[in-house]
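Novice: I have a structure I would like to understand better, so I am pasting it below and will then ask my questions one at a time.
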Amino acid sequence: MRALLATILLAGASPLAAQTVAITNGTVVVGDGSEPVQGGTVVVRNGRVVAAGRGVSVPGGAEVIDATGKWVTPGIVAGFSRLGLAEVDLGADGSDDTDSGNGPFNAAIDVTPAINPKASTIAVSRADGVTRAVVAPVAGKNIFAGQGAVIDTGDDMDAVLRARAFQFVELGEGGAGIAGGSRATAFVLFRNALREARDLRGRIDGARQDDVLLTRFDAAALVPVVQGKQLLLVHVERAKDILNVLDLREEFPGLKVALVGATEGWTVAHRIAASGVWVIASALNDLPASFEMLAATQSNIGRMRDAGVKVAIGMIDDNDTRYQRNQRQYAGNLVALSKVPGATGVSWSEAFAMISSRPAEAVGIGGEIGSLEAGRRGDVVIWSGDPLELNSAPEAVWIDGVRQPLDNHQTKLRDRYRSLDREALPEAYRK
Amino acid sequence: MRGALAAIFAMALAGCAALAPPPKSKPGTVHIAENPYPSTYHPYGGVPTLIRNATVLDGEGGRIDNGSVLLVDGKVQAVGGADLTAPEGATVIDAQGHYVTPGIIDIHSHLGDYPSPGVQSLSDGNEATSPARPEVWAEHSVWPQDPGFSRAMANGGITSLQILPGSANLFGGRSVVLKNVPSRTVQGMKFPGAPYGLKMACGENPKRVYGSKNQMPQTRMGNIAYVRQTWIKAKEYDRKWTKYEKSGGEIPAEDLAMDTLRGVLHGKILVHNHCYRADEEAIMIDVAKEFGYKISAFHHAVESYKIADLLRENGICSAMWADWYGFKMESYDAINENIAYVQKAGACAIVHSDDPNGIQRLNQEAAKAMASGKRVGIDISEATAWTWLSGNPAKALGISDQTGSLKAGKMADVVLWNGNPFSAYTRPDKVWIDGALLYDSANPKLRPVSDFELGQPGERDVK
């Protein structure tokens with residue numbers, strides 16, 4: 001099924017302009033958590049990575065790019081975002097498709113048609129080396145927000161790599177508010193929704209039992225969740241909420257769950273580790289911003305990781321429509337924690353993996369994107385230096401093996417206003 | 001109480017007039033208190049400390065490699081090279097490979113008035129009941145137990161900060177400058193002698209907040225009209241009081257809102273104007289000229305790069321983010337080179353946060369801005385970039401004679417970093433405020449915990 005899907009998707013990914021490229025002599029980061037390799041080579045052909053590392057030979061006919069003094073990595077994967085759903089967040093109605101709160105549907109919502117591949121946020125992210133993103137809808141009137149996608153940031157009209165990659169549900173403070181004011185209500189709603197989905201499954205006559213709360217379309221959308229065929233991303237922050245979610249799997253054994261947020265995860269890290277579920281966490285949350293985050297610390301990710309939890313970095317309700325480019329700064333900051341007494345940081349290689357392969361694995365697409373292992377999609381970035389460092393920037397970006405333009409609204413303004421000297425014509429003529 | 005006092009004075013005056021021949025003109029004797037909530041902050045004191053072998057950025061654009069900084073009696077006593085010696089009994093810190101800088105000053109924070117946890121009961125930043133509320137003072141909203149203060153110090157090296165009212169109103173109210181030292185009261189945090197600020201706002205927020213209530217202002221032209229009308233009232237108020245103070249006569253009615261605006265007209269209160277767009281900044285510059293006041297800084301000035309020349313000519317600072325963009329229409333044209341362009345034009349650049357998370361890494365924001373400049377050929381030194389974090393905000397806040405740079409005689413507000421503070425891998429190692437060591441990464445006892453966090457999960461934790 002997955003292979004078939006991949007084939008279909010590949011056909012749609014238009015690797016027409018993909019060329020054979022060999023990037024040589026760079027510091028190569030595979031993105032799987034292994035150490036960077038000096039003097040490595042990365043070869044991309046037909047839109048896929050052929051090989052990456054030392055001793056990789058350059059195929060004949062390849063375009064050879066010398067990356068001496070540069071770093072070469074897989075593109076950054078935004079672990080949790082609303083990228084491509086909003087051009088402007090506030091006061092520009094019509095440009096924001098994050099929230100479907102006024103519509104009749106919830107779980108059935110699929111973000112795919114709302115993603116605008118030409119959004120300026122996508123171009124800005126691409127220019128900073130973000131090549132893929134996990135995109136979730138915002139929950140409106142129901143705890144179920146709908147189905148999210150995995151997208152690329154390429155300069156073409158085919159952004160969606162995997163539609164309906166997951167269902168997203170709010171089960172913490174946010175979910176309680178939506179459900180009517182309490183976590184208890186949220187959990188009842190959750191159970192009821194899955195029960196309605198379970199009841200619907202296999203009913204050829206389409207008949208439904210009484211007292212249904214979900215529309216047929218919404219209930220149908222939850223059938224693959226109950227069956228474990230579609231990943232369920234659950235946003236929770238408080239330690240007890242995390243445990244409640246883990247316990248749900250006893251009631252619904254088919255559920256395939258990943259946690260989003262988990263600010264207090266470190267306090268129950270061993271329980272999460274034992275469950276084997278993925279966590280997509282905010283990197284630097286350290287304020288008791290709400291009563292479900294009293295234990296917030298920047299050491300959360302490091303401690304969960306040390307306890308054996310599988311962790312990726314995401315931007316949960318943190319400027320999630322546009323600042324995915326700051327994930328690499330956040331990852332670097334987690335490395336910095338290793339030098340702070342009493343704090344728990346993350347190794348450089350693991351920190352980088354948390355913004356490349358780990359988020360891809362968390363949403364079940366690690367075989368396709370997020371690393372430079374052979375066969376992965378040809379998403380490659382050449383950086384001016386260490387990509388987790390503040391003064392580094394991408395110098396070249398490929399997505400599916402296609403070299404990408406890096407200019408955008410911001411770079412054009414930058415160029416227009418480099419000089420404020422009066423010229424023969426107004427600034428509007430500088431393009 | 002104040003009114004009663006004024007009445008007593010008035011009666012006394014009347015009584016005198018009955019006995020003696022009327023004077024030609026007698027100065028008024030009623031004065032409006034300028035500092036009714038005085039600072040009670042006292043430095044905590046520390047031991048004489050010599051930091052040696054450090055890279056010193058002085059906050060005014062100077063740099064000393066292998067430099068030394070000597071802190072004595074709460075002041076910077078000397079800054080120099082390897083030859084600087086420690087007085088007897090001084091603590092000597094070998095800072096090989098580390099940087100020493102002035103403490104960072106965040107000119108735009110809402111810590112305390114929008115604290116953590118962000119619940120309605122503690123949401124005290126916007127008195128959004130009238131577009132002009134110059135009578136409210138941010139200090140009366142500041143909750144000293146906001147856990148954000150300690151994060152800003154321990155993770156961000158913030159030693160002073162300005163707390164502003166929000167931007168719902170055209171005139172948001174008075175700001176307050178604080179020392180980032182935990183205290184039971186806001187008075188215990190107030191920066192001694194710092195002038196007050198007035199928060200003003202242009203653009204989207206006021207017109208959205210009041211337009212949605214079907215009140216003025218509903219448009220940008222409504223914003224400006226309302227601002228001008230308010231200044232006209234302030235001028236009239238000022239004339240009445242100035243006349244009274246010079247010549248006596250009938251005591252004018254006192255008005256809390258107008259007192260603040262009068263303070264601005266007299267240059268005693270500094271204007272901090274939330275203004276994103278270049279064209280609106282240009283209009284606000286003309287408004288200021290029309291009514292005879294000065295704008296100290298434009299805040300959130302994401303388009304300052306478009307009029308950096310105008311800002312230089314008018315001596316107005318721009319407080320900016322490194323890379324925030326697009327979250328609203330007026331931030332749509334933000335560019336990463338904004339700060340570097342403003343610097344290059346010779347105008348005053350400041351890095352600010354407006355955010356309880358961002359305030360924990362303003363040094364990194366400066367690093368990103370510096371790097372963005374470098375990529376387009378604007379070579380900005382680390383020493384210059386540090387002026388964005390301490391020297392320039394101190395100037396714009398009117399406290400640069402006391403803090404903001406490592407110069408002899410200034411307050412010993414100092415951060416020792418465990419590496420290069422323009423790196424993502426660097427954190428504060430030690431923070432001194434007025435010479436008192438208030439954070440030491442190696443000493444769990446020197447880690448403040450607010451009342452709110454006591455007994456909560458993670459109370460003793462490193463944050």
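Novice: For the subset of region A:347-356 comprising residues that are outside any loop (DSSP other than H, G, I, E, B) and of a type outside the set (Phe, Trp, Tyr), which member is nearest to the other protein chains (Cβ to nearest Cβ)?
Specialist: In the first step, residues of region A:347-356 are kept if they are outside any loop (DSSP other than H, G, I, E, B); the result is A:348-353.
Then keep just the ones that are of a type outside the set (Phe, Trp, Tyr); that gives A:349-351, A:353.
Values: A:Ser349: 14, A:Glu350: 14, A:Ala351: 10, A:Ala353: 16 Å.
Going through the qualifying residues, I end up with A:Ala351.
Novice: Oh, and also: Please verify whether A:Gly366 is surrounded by fewer than 23 Cβ atoms within 10 Å (Cβ to Cβ) and either within 14 Å of another protein chain (Cβ to nearest Cβ) or farther than 27 Å from A:Ala336 by Cα (or both), treating the condition exactly as stated.
Specialist: In short, no.
Novice: Could you list, in sequence order, all residues of region B:311-333 that are outside any loop (DSSP other than H, G, I, E, B) and within 8 Å of chain A (Cβ to nearest Cβ)?
Specialist: B:Lys328, B:Met329 - these are the residues of region B:311-333 that are outside any loop (DSSP other than H, G, I, E, B) and within 8 Å of chain A (Cβ to nearest Cβ).
Novice: Cβ-Cβ distance below 7 Å, separation of 6 or more or different chains: which pairs start in region B:126-140 with a residue that is farther than 16 Å from B:Pro115 by Cα and end on one that is small (Gly, Ala, Ser) and in a loop (DSSP other than H, G, I, E, B)?
Specialist: Partner pairs satisfying both residue conditions: B:Ala128/B:Ala168.
Novice: Now, a different point. For region B:48-88, give me each residue that is without any contact (Cβ under 8 Å) to a residue 60 or more places away in the chain and closer than 20 Å to B:Leu438 by Cβ.
Specialist: B:Pro48, B:Leu50, B:Leu70
Novice: I've got another one for you. Checking the conditions here, which among B:Val264, B:Val302 is within 20 Å of B:Gly166 (Cα to Cα), at pLDDT 95 or above and not in a helix (DSSP H, G or I)?
Specialist: Numbers: B:Val264 fails: not in a helix (DSSP H, G or I).
Result of the check over B:Val264, B:Val302: B:Val302.
Novice: Right, another one. What is the residue count in region A:88-117 for residues that are over 21 Å from A:Ala163 (Cβ atoms), within 14 Å of chain B (Cβ to nearest Cβ) and touching a Lys or Arg at 6+ places or on another chain (Cβ under 9 Å)?
Specialist: Adding up the residues that qualify gives 5.
Novice: Scan region A:371-416 residue by residue and report those that are in a loop (DSSP other than H, G, I, E, B) and within 11 Å of chain B (Cβ to nearest Cβ).
Specialist: A:Ser384, A:Gly385, A:Asp386, A:Pro387, A:Leu388, A:Glu389, A:Leu390, A:Asn391, A:Ser392, A:Ala393, A:Asn408
Novice: Answer yes or no as to whether A:Asp211 is at pLDDT below 95, over 28 Å from A:Arg162 (Cβ atoms) and either acidic (Asp, Glu) or in contact with a His (Cβ under 6 Å, 6 or more places away or on another chain) (or both). If you could, list the steps in order and put the result at the bottom.
Specialist: Working: at pLDDT below 95: yes; over 28 Å from A:Arg162 (Cβ atoms): yes; either acidic (Asp, Glu) or in contact with a His (Cβ under 6 Å, 6 or more places away or on another chain) (or both): yes.
Considered against the rule, which asks whether it is at pLDDT below 95, over 28 Å from A:Arg162 (Cβ atoms) and either acidic (Asp, Glu) or in contact with a His (Cβ under 6 Å, 6 or more places away or on another chain) (or both), A:Asp211 comes out as yes.
Novice: Checking B:Ala288 against (1) assigned to a helix (DSSP H, G or I); (2) touching a Leu at 6+ places or on another chain (Cβ under 9 Å); (3) more than 9 Å from every other protein chain (Cβ to nearest Cβ), only one condition comes out false. Which one?
Specialist: The single condition B:Ala288 does not satisfy is (2).
Novice: Considering region A:58-105 alone, what residues qualify as being at pLDDT 95 or above and among the hydroxyl-bearing types (Ser, Thr, Tyr)?
Specialist: Across region A:58-105, the qualifying residues are A:Thr68, A:Thr73, A:Ser81.
Results for (1) among the hydroxyl-bearing types (Ser, Thr, Tyr); (2) assigned to a helix (DSSP H, G or I); (3) more than 8 Å from every other protein chain (Cβ to nearest Cβ); (4) crowded, with 24+ Cβ neighbours inside 10 Å, shown as yes or no for each residue.
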| site | (1), (2), (3), (4) |
| --- | --- |
| A:Ser290 | yes, no, no, no |
| A:Ile301 | no, yes, yes, yes |
| A:Val311 | no, no, yes, yes |
| A:Asp317 | no, no, yes, no |
| A:Asp320 | no, no, yes, no |
| A:Asn326 | no, yes, no, no |
| A:Leu334 | no, yes, yes, yes |
| A:Gly345 | no, no, yes, no |
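Novice: Got a sec? Which strands (runs of 3 or more DSSP E) wholly within region A:129-198 have at least 2 residues that are surrounded by fewer than 22 Cβ atoms within 10 Å (Cβ to Cβ)?
Specialist: Where strands (runs of 3 or more DSSP E) fall fully within region A:129-198 and carry at least 2 residues being surrounded by fewer than 22 Cβ atoms within 10 Å (Cβ to Cβ), they are A:160-170.
Novice: Residue check, B:Gln145 against (1) modelled with pLDDT of 95 or more; (2) more than 14 Å from chain A (Cβ to nearest Cβ), all met but one. Which one?
Specialist: With respect to (1) modelled with pLDDT of 95 or more; (2) more than 14 Å from chain A (Cβ to nearest Cβ), B:Gln145 is out only on (2).
Novice: Between residues in region B:22-35 that are within 19 Å of B:Trp137 (Cα to Cα) and surrounded by 10 or more Cβ atoms within 10 Å (Cβ to Cβ) and residues that are among the hydrophobic types (A, V, I, L, M, F, W, C) and at pLDDT 80 or above, which pairs lie under 9 Å by C-beta distance while being six or more apart or on different chains?
Specialist: Once the first residue is within 19 Å of B:Trp137 (Cα to Cα) and surrounded by 10 or more Cβ atoms within 10 Å (Cβ to Cβ) and sits in region B:22-35, its partners that are among the hydrophobic types (A, V, I, L, M, F, W, C) and at pLDDT 80 or above give B:Ile32/B:Trp241.
Novice: Failed condition for A:Asn326, given (1) under 15 Å from A:Arg358 (Cβ atoms); (2) under 16 Å from the mean Cα position of the chain (by Cα), with all others met?
Specialist: (1)
Novice: Related question: Can you find a residue that is in contact with a Lys or Arg (Cβ under 7 Å, 6 or more places away or on another chain), under 25 Å from B:Leu71 (Cβ atoms) and surrounded by fewer than 19 Cβ atoms within 10 Å (Cβ to Cβ) anywhere in region B:418-432?
Specialist: Within region B:418-432 (the criterion being in contact with a Lys or Arg (Cβ under 7 Å, 6 or more places away or on another chain), under 25 Å from B:Leu71 (Cβ atoms) and surrounded by fewer than 19 Cβ atoms within 10 Å (Cβ to Cβ)), the answer is no, since none of the residues qualifies.
Novice: Please go through (1) more than 10 Å from every other protein chain (Cβ to nearest Cβ); (2) among the polar types (S, T, N, Q); (3) within 21 Å of A:Ser392 (Cβ to Cβ) for B:Ser372 and return the number of the only condition it doesn't satisfy.
Specialist: That leaves (1) as the condition not met.
For every residue, the table says whether it meets (1) modelled with pLDDT of 95 or more; (2) more than 15 Å from B:Gly404 (Cα to Cα); (3) not polar (S, T, N, Q).
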site	(1), (2), (3)
B:Leu57	yes, no, yes
B:Asp65	yes, yes, yes
B:Leu70	yes, yes, yes
B:Asp73	yes, yes, yes
B:Val76	yes, no, yes
B:Gly80	yes, yes, yes
B:Ala86	no, yes, yes
B:His98	yes, yes, yes
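Novice: List the number of the failed condition for B:Tyr237; all other conditions in (1) surrounded by fewer than 21 Cβ atoms within 10 Å (Cβ to Cβ); (2) hydroxyl-bearing (Ser, Thr, Tyr); (3) under 27 Å from B:Pro393 (Cβ atoms) hold.
Specialist: All conditions are met except number (3).
Novice: As an exercise: evaluate B:Ala168 against (1) aliphatic (A, V, I, L, M); (2) within 27 Å of B:Thr230 (Cα to Cα); (3) surrounded by 24 or more Cβ atoms within 10 Å (Cβ to Cβ) and give the number of the one condition it does not meet.
Specialist: Checking B:Ala168 against (1) aliphatic (A, V, I, L, M); (2) within 27 Å of B:Thr230 (Cα to Cα); (3) surrounded by 24 or more Cβ atoms within 10 Å (Cβ to Cβ), the one that fails is (3).
Novice: Residue pairs, Cβ under 8 Å, 6 or more apart or interchain, first in region A:380-396 and on the phi < 0 side of the Ramachandran plot, second crowded, with 24+ Cβ neighbours inside 10 Å and of a type in the set (Ser, Thr, Tyr). List them.
Specialist: Filtered contacts from region A:380-396: A:Val380/A:Thr73; A:Val381/A:Thr73; A:Val381/A:Thr131; A:Trp383/A:Thr73; A:Pro387/A:Thr73.
Novice: On to the next question. Do the conditions hold for A:Thr267, that is, is it within 14 Å of chain B (Cβ to nearest Cβ), among the polar types (S, T, N, Q) and not in a helix (DSSP H, G or I)?
Specialist: Judged against the criteria, A:Thr267 is not a match.
Novice: Follow-up. Of everything in region B:157-186, what is outside any strand (DSSP E or B) and over 16 Å from the mean Cα position of the chain (by Cα)? Give them in sequence order.
Specialist: Our first condition is that a residue be outside any strand (DSSP E or B); within region B:157-186, this holds for B:157, B:164-170, B:180-186.
Across region B:157-186, the qualifying residues are B:Ala168, B:Asn169, B:Leu170, B:Pro182, B:Ser183, B:Arg184, B:Thr185.
Novice: If you check B:Lys410, B:Lys430, B:Lys445, B:Lys395, which single one turns out to be in contact with a Phe, Trp or Tyr (Cβ under 7 Å, 6 or more places away or on another chain) and more than 10 Å from every other protein chain (Cβ to nearest Cβ)?
Specialist: On the way: B:Lys410 fails: in contact with a Phe, Trp or Tyr (Cβ under 7 Å, 6 or more places away or on another chain); B:Lys445 fails: in contact with a Phe, Trp or Tyr (Cβ under 7 Å, 6 or more places away or on another chain); B:Lys395 fails: in contact with a Phe, Trp or Tyr (Cβ under 7 Å, 6 or more places away or on another chain).
From the options B:Lys410, B:Lys430, B:Lys445, B:Lys395, the qualifying one is B:Lys430.
Novice: Take the residues in region A:72-87 that are more than 14 Å from every other protein chain (Cβ to nearest Cβ) and hydrophobic (A, V, I, L, M, F, W, C); name whichever of them is farthest from the chain's Cα centre (by Cα).
Specialist: A:Val72
Novice: Within region B:132-142, which residues are among the small types (Gly, Ala, Ser) and either closer than 22 Å to A:Ser290 by Cα or within 14 Å of chain A (Cβ to nearest Cβ) (or both)? Steps first, please.
Specialist: Going residue by residue through region B:132-142, those that are among the small types (Gly, Ala, Ser) are B:132, B:138, B:141.
Correct list: B:Ser141 only.
The values are calculated or read from the model by the stated rules, or taken from the named source; none is laboratory data. Just so we're clear, the structure is a prediction, and the values are computed from it rather than from any experiment. Neighbour counts are summed over all protein chains in view; Cβ atoms, including those assigned to glycine, are modelled from backbone coordinates with ideal geometry.
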